[in-house]
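Beneath this line is the structure, given in structure tokens, with notes to follow.
The values are calculated or read from the model by the stated rules, or taken from the named source; none is laboratory data. Only a predicted model underlies this, so the values are computations on that prediction, with no experimental measurement involved. Heads up, the Cβs are rebuilt from the backbone with ideal geometry, glycines too, and the neighbour counts pull from every protein chain shown. In case anyone asks, the SASA skips ligands and DNA or RNA and just uses the protein heavy atoms, side chains included. Shrake-Rupley method; radii C 1.70, N 1.55, O 1.52, S 1.80 Å.
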Amino acid sequence: MMKVKNLRKIVLVFWIWIFSMTTIEAIAIAEKNNIDDAEKELLARAIYGEASNQGKEGMQAVGNVIINRVAGKEWYGNTLTDVILKDKQFSVFNNPEGENYKRMMDATEDDEAYQQALEIAESLILGNIDDNTGGATHYYNPDMVHPDWADSPLMTKLKKIGNHTFLLEA
């Protein structure tokens, strides 16, 4: 009986340690990359603008693409802001006069999908959401457009989530 109690204590301490390390590491990553509330909001707005009609899984997937780009090649940029606002990378930012851009910028926490985007952004920054794309760095909606880069031999199609096809650039 004594061994079982000790084993339970060890397991409990282990899980507390794992959870603490994950949280501490996530906070350290956020501080190292100077991720502040403004970048979290920008990430949420990008997720909302690109995928608010794709449900939680689709919004998480778009957010993961952005996170994967920050973690990947420097060409994309080294910060959330660099990656999200890089010219011609995320369609919602391509036309500041467009309806979707205005809808994204006007979104408030009263909008359920925007509230969900904020929660997803925070969880992504803290490292609390697994990558549901398998490492994707690109996506597009084949019902709306078929970009030339999608057929590049450097691209590997990974999966479809909602209306978006997700790809990994080699």
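Scanning the stretch 127-166 for residues that are charged (D, E, K, R) and touching a residue at least 24 places away in the same chain (Cβ under 8 Å), which turns out most open to solvent (accessible area, probe 1.4 Å)?
LYS159
Regarding the stretch 65-78, can at least one residue be identified that is open to solvent by less than 80 Å² (accessible area, probe 1.4 Å), part of a helix (DSSP H, G or I) and without any contact (Cβ under 8 Å) to a residue 60 or more places away in the chain?
Let us first name the residues in the stretch 65-78 that are open to solvent by less than 80 Å² (accessible area, probe 1.4 Å), namely 65-70, 72, 76-77.
Remaining after also requiring part of a helix (DSSP H, G or I): 65-70, 76.
Now drop any that are not without any contact (Cβ under 8 Å) to a residue 60 or more places away in the chain, which leaves 66, 70.
Yes - at least one qualifying residue is present in the stretch 65-78.
State yes or no: is LEU126 aliphatic (A, V, I, L, M) and in contact with a strand residue (DSSP E or B) (Cβ under 7 Å, 6 or more places away or on another chain)? Lay out the reasoning, then the answer.
Working: aliphatic (A, V, I, L, M): yes; in contact with a strand residue (DSSP E or B) (Cβ under 7 Å, 6 or more places away or on another chain): no.
No, not satisfied.
Quick one: which of LEU124, LEU42, LEU118 is touching a residue at least 40 places away in the same chain (Cβ under 8 Å) and under 26 Å from PRO147 (Cα atoms)? First the steps, then the outcome.
On the way: LEU124 fails: under 26 Å from PRO147 (Cα atoms); LEU118 fails: under 26 Å from PRO147 (Cα atoms).
Selected residue: LEU42, the only one of LEU124, LEU42, LEU118 that is touching a residue at least 40 places away in the same chain (Cβ under 8 Å) and under 26 Å from PRO147 (Cα atoms).
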